[in-house]
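The values are calculated or read from the model by the stated rules, or taken from the named source; none is laboratory data. As the structure is a computational prediction, the values presented were derived from the model and not from experiment. Backbone-built Cβ (ideal geometry, glycine too); neighbour counts: all protein chains shown.
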Amino acid sequence: MSTVQPTPGSSAPRLALVAVALALFAGAMWFAWLGWDDDYYLVDGVAQGPYRPWQVVGCGLSVAIGAVAAMLALRGRGVVRAGAVPVLTAAALGGFALPWSVHAAATDDSGLWAVGLFFLLVGGGLGLVTLLTVTAALAGRRSG
């Protein structure tokens, strides 16, 4: 009995589907953790916010866990995991950055939201590439 091997390129629709799901999940995490909070609060007489540390940590962990789950969903599907890293990173960043940017641009008179977007993309990109590369390597060791 022979097994059907995936042909080169046949994994692209699967990768695209997983990437879209990850982008939607990342956007939903912005709304769930951060999108509802516009209030600033005083800490030792200094205004801080609008997000509290637990919100940012929870949101970041949620997106990271979603990205790892997306990478693991591709395991054994004929997808080259190293090629999936940039696609999934872009999907998670895009899905999260779009609602964040729309909200930040609408509420910021200074234009500094663009600087925040830059740091979000660079920091989030480096973190996700590292996380997904390690995930791909560990998943490859387990399946191989």
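Tabulated data for the structure shown
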quantity	calculated
Sole residue being polar (S, T, N, Q), surrounded by 13 or more Cβ atoms within 10 Å (Cβ to Cβ) and without any contact (Cβ under 8 Å) to a residue 60 or more places away in the chain, chosen from Gln55, Gln48	Gln55
Matching residues, the stretch 117-138, being surrounded by 14 or more Cβ atoms within 10 Å (Cβ to Cβ) and more than 19 Å from Val87 (Cβ to Cβ)	Leu117
Matching residues in the stretch 107-118 - criterion: being touching a helix residue (DSSP H, G or I) at 6+ places or on another chain (Cβ under 9 Å) and part of a helix (DSSP H, G or I)	Thr107, Trp113, Ala114, Gly116, Leu117
Pick from the stretch 106-144, criterion more than 23 Å from Ile65 (Cα to Cα) and of a type in the set (Val, Ile, Thr), ranking: modelled with the highest pLDDT	Val115
Top-ranked residue of the stretch 25-39 - restricted to ones that are part of a helix (DSSP H, G or I) and touching a helix residue (DSSP H, G or I) at 6+ places or on another chain (Cβ under 6 Å), ranked as surrounded by the most Cβ atoms within 10 Å (Cβ to Cβ)	Ala26
